[in-house]
Structure formats: C-alpha cells, structure tokens
Amino acid sequence: MLLALSLAAPAAAQSIMVLPDQTSTIRLSNRDINHVICSGGEIEDVRFSAEKAIAVERAGSDAWIKFLVREIDDAGMVTRSFVTVPSEFFITCNGAVYALYAEPSDIPAQTVMLQPGAPQRARANEELLGPLVEEERAVSITLSMLQDRIPASFTSVAPRSGPIRLATLPGATLEERRRIEIDGSGLSASEYLVSAAGGAQLDERGFLDGALGANIFAITLDRGNIEAGEAARLIVVRRGAGQ
C-alpha cells in the first residue's frame, strides 16, 4: 500500500536555493516531507509525472513534496521500499518556471527556496522605485540599508575585502560591510564602517573619492563624529555597478 501524505513539519531541514529558467539538479528526502517556498510570491502550479509515487500539495507561497513509501506485506513480513528514481518538477512561481531534477535520497527533509531571477527582480524593483524621482530612490535605498530592511529584490554581492584608506581622510579606515545591486534601476549601493584610531570628525564630502565608486550619486553618514573604538556607518549610492 502507499502511505498517505502528512503535513507534519520535519524536525530538521536543509535549505537549497534555485533560480528560474534553468534546470537545477537537487537531492530531496525520499522519506520525509520536502518544503518548497516561493520567495516574495505564490506558487501558481506544480507539474510532475502523476504516475510516479509522489504526493504534492500547495497553498500560497508553499508546496510540499513527498515521495511515497511502498509497504509490502509478505505473510506478516512487512518491508518498505523507498523511491530512488529521479523525478522532474516544473514549478511556476511569480510568473517564472523553475525546473527541478530531483534525486530522491536517504537524507533529512529539504527546504527549497525559489529565488527570483533578474527579470523578476527588475520588475519588483520597478514597482518599488519606479514611482519615485531619483533623489527619493537614493533616500529609499539608504534607509533600507540603515534600517537593515533590504528588499528581497535587491541583490547582495560580495563586498570588497580588506581595509580601504582615502587620501582625503588619512586618519580613517573603511571596511565595506555589504554591497547590493538593484536590477532594472541602474543603481548600486554599499555600506561601509568608518573608524579612526584616535577618533575623528567626519564630513560626507570627504567620501567623494573614486576609491568608493566612479559614479557616486548619494552619500549618507549616520553620525558626524566618532570616538576611538567607535565606527560610523556610511552608505554610498552609485549610478551603475560598484567597483
């Protein structure tokens, strides 16, 4: 017989990030319930081979995939047979199709995050920033970074490693904490931590330096003075990608 799908939450789940418009080979648990999440939207459809021993349920931004276990009772001797044959799933999320080539494995339940691709991010950014004039866009981006509430449609990229020193501020050291690119807007931004061994008085104009980007559009400091051992947060918004 086939065991019915139960939506009891698995105890331990591993996260897998996948992008649309490409085939992602992943491993899913062949005994526990796997969770699929559409980031920032809803799952509109899940297609798979109905003749295979698979149960799928979906609701809103979530879907659950269970490879059904076959039990064989041979004169009181019960044996279980777990699915090992790979299956393909085509999941529609935010208008994009995610193709998953899933290999059932003896592993804990997995959580699959359907991340937006560049076209979806650009559309979301247009909805978010399109109604704003350019100065308002810079303010919105800056506040999102200072408040640590960066929209999911902004793309995090690797920050520059190592300390940065500016000729205009010889006593200060900068460390790039994070960097984002905003698809469809032509803008990017970085957050820096600014420190000085003996403290310093800071002026935003002192950070108009090519070392922080060739096309700086806006600069914001969260404080004008720092003492020894303190760090100010500096947000730099650029036209185009960062260096």
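Taking Cβ atoms as reference points and 12 Å as the exclusive limit, the residues near A63 contribute a net charge of -2, counting Lys and Arg as +1 and Asp and Glu as -1.
Rolling a 1.4 Å probe over the protein heavy atoms leaves T92 with an accessible area of roughly 30 Å². Given the options L193, P163, A118, identify the residue whose Cα lies farthest towards the positive end of the charge dipole of region 98-243 (+1 on Cβ of Lys, Arg; -1 on Cβ of Asp, Glu). Of L193, P163, A118, it is P163. Treating the chain as a set of equal point scatterers at the Cα positions, no solvent, please give the Debye-formula log₁₀ I(q)/I(0) at q = 0.08, 0.12, 0.13, 0.16 Å⁻¹. Log10 I(q)/I(0), no solvent term: -0.47, -0.78, -0.85, -1.04. Atom-type composition of the exposed protein surface of region 16-116 places 49 percent of the accessible area on carbon and sulfur (1.4 angstrom probe). Placing +1 on the Cβ of every Lys and Arg and -1 on the Cβ of every Asp and Glu, with no other charges, gives the chain a dipole of roughly 380 debye about its Cα centre.
Spin-label model, V139/R223: points 7 Å from Cα along the beta carbon direction are separated by 2.5 nm. For the listed peptides 203-213, 182-192, 104-114, a ranking on the average number of other beta carbons within 10 Å per residue, highest first, reads 182-192, 104-114, 203-213.
A 1.4 Å probe run over the chain, with the rest of the protein chains in place, finds 52 Å² accessible per residue. The listed residues K52, K66, once ranked by accessible area (1.4 Å probe) with the largest placed first, stand as K52, K66. Taking Cα atoms only, the orientation of helix 134-146 departs from the longest principal axis of the chain by about 70 degrees. Exposure check, 1.4 Å probe, all protein chains in place: L193 carries approximately 60 Å² of accessible surface.
Across all directions, the shadow cast by the convex hull of region 16-116 built on its C-alpha atoms averages 6.4 square nanometres. Placing R0 at 51 angstrom, the Cβ-Cβ distance between R177 and E51 gives a FRET efficiency of 0.50 after rounding to 0.05.
Hydrodynamic analysis of region 119-239 uses the Kirkwood radius over alpha carbon pairs. Inserted into Stokes-Einstein at 25 °C and 0.890 mPa s, it gives a translational diffusion coefficient of 165 µm²/s.
Nonpolar atom fraction for region 119-239, defined as the carbon and sulfur part of the 1.4 Å probe accessible area, stands at 49 percent.
Helix 118-129 and the longest principal axis of the C-alpha atoms of the chain enclose an angle of approximately 50°.
Counting only protein chain heavy atoms and rolling a 1.4 Å probe, the accessible areas of I180, I72 rank, largest first, as I72, I180. Rounded to the nearest 500, the 222 nm mean residue ellipticity of the chain from helices alone is -3000 deg cm²/dmol, with -39,500 (n - 2.57) taken per DSSP H run of at least 4 residues.
The values are calculated or read from the model by the stated rules, or taken from the named source; none is laboratory data. Keep in mind that what you see is a predicted model, and the values were worked out from it rather than measured. We place every Cβ from the backbone using ideal geometry, glycine too, and count neighbours over all the protein chains shown. Accessible surface areas use protein heavy atoms only, side chains included; no ligands, DNA or RNA. Shrake-Rupley method; radii C 1.70, N 1.55, O 1.52, S 1.80 Å.
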